[in-house]
1. Any idea how many residues of the range 324-344 are assigned to a loop (DSSP other than H, G, I, E, B) and either in contact with a His (Cβ under 6 Å, 6 or more places away or on another chain) or surrounded by fewer than 19 Cβ atoms within 10 Å (Cβ to Cβ) (or both)?
2. Residues that are closer than 23 Å to Ile197 by Cβ and either more than 14 Å from the chain's Cα centre (by Cα) or charged (D, E, K, R) (or both): does the range 299-319 have at least one?
3. Go through the residues of the range 131-144 one by one and say whether even a single one is under 30 Å from Ala286 (Cα atoms), out of contact with any strand residue (DSSP E or B) (no Cβ under 7 Å at 6 or more places or on another chain) and in contact (Cβ under 8 Å) with a residue 12 or more places away in the chain.
4. Can you tell which of Lys105, Lys100 is assigned by TED's automatic domain parsing to the domain that holds Val55, surrounded by 16 or more Cβ atoms within 10 Å (Cβ to Cβ) and touching a residue at least 24 places away in the same chain (Cβ under 8 Å)?
5. So is Ser6 modelled with pLDDT of 95 or more and over 15 Å from Ile324 (Cβ atoms) or not?
6. List every residue pair whose Cβ atoms lie under 8 Å apart, where the two residues are 6 or more positions apart in sequence or sit on different chains, the first residue falls within the range 265-278 and is under 12 Å from Ala143 (Cα atoms) and outside any loop (DSSP other than H, G, I, E, B), and the second residue, located anywhere, is of a type outside the set (A, V, I, L, M, F, W, C) and modelled with pLDDT of 90 or more.
7. I want to confirm something. Restricting to the range 56-93 and keeping residues that are aromatic (Phe, Trp, Tyr) and assigned to a helix (DSSP H, G or I), which single residue is modelled with the highest pLDDT?
8. Quick one: which of Pro238, Pro228, Pro242 is surrounded by 15 or more Cβ atoms within 10 Å (Cβ to Cβ), at pLDDT below 80 and assigned to a loop (DSSP other than H, G, I, E, B)?
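The values are calculated or read from the model by the stated rules, or taken from the named source; none is laboratory data. Since this is a predicted model, take the numbers as computed values, not measurements. A quick note on method: Cβ atoms are made from the backbone with ideal geometry, for glycine too, and the neighbour counts reach across all protein chains shown.
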Amino acid sequence: MKTFASLFSGGGGSDIGAAMAQFQPIWAIENDPDIAGVYAANLGHQPIVKSVAEVNPNSLERPDVLWASPPCQEWSVARSKNLPKRVDAEIGFSVIPFLKILQPKIFILENVEAYRKARVFHAIVDVLHRLGYWVQWSVLNAADWGVPQTRRRLILRAVKDGFVPPLPPVQKWRGWYEALADLIPTLPESQFAAWQITRMPSLARTSLVDGRNTIRDCTVRADGEPSPCVTAHWLHRPCVTPRAFIVDCQSNGTIQENGNRSLTLRQSNEPSFTITASAGKKQAKAWLEQGRVVAMTESALARFQSFPDSYKLPEKRTLASRVIGNAVPPLFAQKLLEGMGAIC
């Protein structure tokens, strides 16, 4: 069987995807012992619990595929520009010795799209070229391959002494509602805060009356609202009451051209917004056509990341959120690896 190994492995999202694509994960490196424990509970073997920089690649078996997902917080759009530079901002340089010594047939790097501007990224690309790899990178959206979440990520694919194959065919987007339809009856009841209702696009806001879960036809307008159903993400949508919508409660919203803030909403037939490691602190909430507002549990967030239901989440919510939010969606990894398996 073709073999797979990962650096900065987290809870094993890429490794699970590799197994789904008929690759055998043989080793992994994860610095955080709590997250490494989650990996072990789900992959059946213990990862090396050290910083990648502390591991000697000469001591490891050469895999057919090496996957690296260096810490991305320094380049994340969710990170405040006022924060000091993270100490692990350039830990990606530790990938280079693994490439030089192991020289796997295939190397894949995954990160946020701003990582392409980082000095370390260009250093990795330069080393790959000097080692004889053909390199292709682009910013991809996991939703294009069946993940019920819009998650744009920089994906670098490199092949030793050979052409990089085409990406797998793009699929139809899958809505968040479909992805967790069977879980919806189990989701806890919740309510939108007053400020959240105020910052909703008008089409969503007119489904609520006085902050309650009461349905109202969208032709009824709040005082001072324009009559067209045209705001923010709902632009050009038909003027009908939505079946359901989910609200990103992790931020105060984005500033629009008129200076107002508008929360990110997705209708039932759209993928969820990007799930982050802080999703457990401010739970996403959804309004349902039955007149309910529900909060997203860790199990629901895991569905948005395409984790199988058999995945064992830790009981501690903050740890579960970190594992889920920082993970590579297993389905995304599976599709990418299936498209490259024939060249191993």
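1. 2
2. No, the range 299-319 contains no residue that is closer than 23 Å to Ile197 by Cβ and either more than 14 Å from the chain's Cα centre (by Cα) or charged (D, E, K, R) (or both).
3. yes
4. Unique residue meeting the criteria: Lys105.
5. In short, yes.
6. Ser272/Pro148; Ser272/Gln149; Ser272/Thr150; Ser272/Arg266
7. The qualifying residue modelled with the highest pLDDT is Phe93.
8. Pro242
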